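The next block holds one structure in the form of structure tokens; read it before the comments.
The values are calculated or read from the model by the stated rules, or taken from the named source; none is laboratory data. Because the structure is predicted, anything quoted here is derived from the model rather than measured. All Cβ positions, glycine included, derive from the backbone under ideal geometry; neighbour counts span all protein chains shown.
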Amino acid sequence: MTPKTKTKLGANNWIAIILLAFSGQIAWVIENSWFNTFVNDVISPDPKVISLMVALSAITATLTTLIMGTLSDRLGKRKIMILVSYILWGISTMVFPAAGAVKSATLAVVAVLSLDCLMTFFGSTANDASFNAWLTNVTDETNRGTVSGITELFPLLAMVVTTIVSGMLIEYFGYTLFFTSMGLLVVVCGLVGGLLMKEAPIPKMEGERTSFWKQVFSGFSVRAVRENKKLFSLYFCVLVFAIAEQICMPYQIIYFTKTLGYSYDVIGVNLGLMVLLAGICGVFFGRLVDRLGKPKLLLVALFVSALGFLLVSFARDMVFLCVAIFVMSFGMVAKLITTGAWIKDLTPPASAGQFQGIRMIFWVLLPMVIGPFIGERIITFFGQPVVVDGKAGFLPTYLIFIAAAIVTLIALLPVLGMIRGAKKEQDAAQIEA
């Protein structure tokens, strides 16, 4: 079989992809990690506050993506949605530390939850509902692994940037300057990237055009699941390994700095370098995805990810911890690259925005409700009690990483099922031929 020629995206689209993917991941890392450390340091050390914040953010993200993604499908104009919402996303990031000025502890918690949900609304409209849907439409099966390898480098690069910058800014100037500088970066990248990107054609849906709300929820029908069986099987795999990640990720910076005792600047530099190295390796892994296929490489990614979580749970000195973080980070980015490209292959092009919302249920909503709750329970039962400014709480324990490793291995089951199913289909086709 003659290999297909790889589709070229053009310089403007590539620059837009880089700027929007990078700035979007900066904002998500801020929201997923540094908002949590801000809450722990300024609002309350009780892990229940972080667990609640993550859960509400997940609900907001899912509903936003489902509704706004469907709207972008119907409008057929993702560019303006990306441009406007990226700017508002950056501004909402800059405003977040205002919650720390609230004197009442209860009102401070309410303020931080509200601002987090507002930031999530703009972020999900910009990135999940619009940018990811645009990527689905502007790419095809000849270049998605490569594009996914590049875009999935940015979550790790964003972690590098935020950890290094946080080490310099939070340690010496506080959270306000840190959030302001990062939010401004999102605004600038969103503005430039949004102006440069070319609108991708969106195929028209077959059949009669339905009402907006009927279209929003049509993806949950039995018919939709039956017609996209492989896609929903992959969603279930993502659900399981995303739960595993959320058991430990909301608490990992607190674990490294408070439980293990490393300063923000030390953990920032060392963690940042290992994450960057893992991301660079991920770019080459993305090229392998296009060549060797997604199912088998996803199995490899899951095994590596589970090993990484296990190594982090045992790491104490910085050298061992760096090695462990590298393995964990590479496993995570390998999972994202493989599933990201595979999901785009299986997503109906005419409903790319709508299916971003369905994907969010498995990728964000359920994992960010279930995972942090499991982590919070483990920390509450097995973590070290601590009192900060008269407020009682618990330090994260290494057991959250062991739990993450165990749950990650469970995600192997749906992938193995898909591989067996594909082999049966292939055998049946050969018999008919």
**Request:** Please work out which residue is farthest from F382 (Cα to Cα), limiting yourself to the range 268-306 and to residues that are β-branched (V, I, T) and buried (at least 23 other Cβ atoms within 10 Å of the Cβ).
**Result:** V289
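The rows are residues; the columns are (1) modelled with pLDDT of 75 or more; (2) outside any helix (DSSP H, G or I); (3) touching a strand residue (DSSP E or B) at 6+ places or on another chain (Cβ under 8 Å); (4) of a type outside the set (A, V, I, L, M).
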residue	(1), (2), (3), (4)
G149	no, no, no, yes
F179	yes, no, no, yes
M182	yes, no, no, no
L185	yes, no, no, no
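Could you check how many residues of the range 143-183 are in contact with a Lys or Arg (Cβ under 8 Å, 6 or more places away or on another chain) and of a type outside the set (G, A, S)?
First, pick out the residues of the range 143-183 that are in contact with a Lys or Arg (Cβ under 8 Å, 6 or more places away or on another chain): 143-146, 148-149.
From what is left, the residues that are of a type outside the set (G, A, S) are 143-144, 146.
Number of matching residues: 3.
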**Neighbours by Cβ (under 6 Å, 6+ apart or cross-chain): first from the range 259-270, in contact (Cβ under 8 Å) with a residue 60 or more places away in the chain; second assigned to a loop (DSSP other than H, G, I, E, B)** = T259/P396
**Request:** Answer yes or no: is there a residue in the range 46-58 that is within 20 Å of Q246 (Cα to Cα) and not in a helix (DSSP H, G or I).
**Result:** yes
**Lone unmet requirement of (1) part of a helix (DSSP H, G or I); (2) under 30 Å from P385 (Cα atoms) for L20** = (2)
**Cβ pairs under 6 Å, 6+ apart, first in the range 35-58 and more than 17 Å from L118 (Cα to Cα), second among the small types (G, A, S) and at pLDDT below 80** = V42/G100; P45/G393; D46/G393
**Item:** A98 being over 24 Å from L271 (Cβ atoms), touching a residue at least 24 places away in the same chain (Cβ under 8 Å), surrounded by fewer than 21 Cβ atoms within 10 Å (Cβ to Cβ) and more than 15 Å from the chain's Cα centre (by Cα)
**Value:** no
**Prompt:** Considering I343, I379, which residue is touching a residue at least 60 places away in the same chain (Cβ under 8 Å), of a type in the set (V, I, T) and touching a Pro at 6+ places or on another chain (Cβ under 8 Å)?
**Reply:** I379
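Could you please let me know if T120 is crowded, with 24+ Cβ neighbours inside 10 Å, among the β-branched types (V, I, T), in a helix (DSSP H, G or I) and modelled with pLDDT of 85 or more? Give the steps one after another, and end with the answer.
Details: crowded, with 24+ Cβ neighbours inside 10 Å: yes; among the β-branched types (V, I, T): yes; in a helix (DSSP H, G or I): yes; modelled with pLDDT of 85 or more: yes.
Considered against the rule, which asks whether it is crowded, with 24+ Cβ neighbours inside 10 Å, among the β-branched types (V, I, T), in a helix (DSSP H, G or I) and modelled with pLDDT of 85 or more, T120 comes out as yes.
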**Fill in**
Pairs returned, first residue in the range 391-413 that is part of a loop (DSSP other than H, G, I, E, B), second residue that is charged (D, E, K, R), beta-carbon separation under 8 angstrom, 6 or more apart or interchain, are P396/K258
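I need the full set of residues from the range 74-85 which are of a type outside the set (V, I, T) and either buried (at least 23 other Cβ atoms within 10 Å of the Cβ) or touching a Cys at 6+ places or on another chain (Cβ under 9 Å) (or both), in order please. Even if it seems obvious, please write down each step before you answer.
Step one: list which residues in the range 74-85 are of a type outside the set (V, I, T), which gives 74-79, 81, 83, 85.
Scanning the range 74-85 gives R78, M81, S85.
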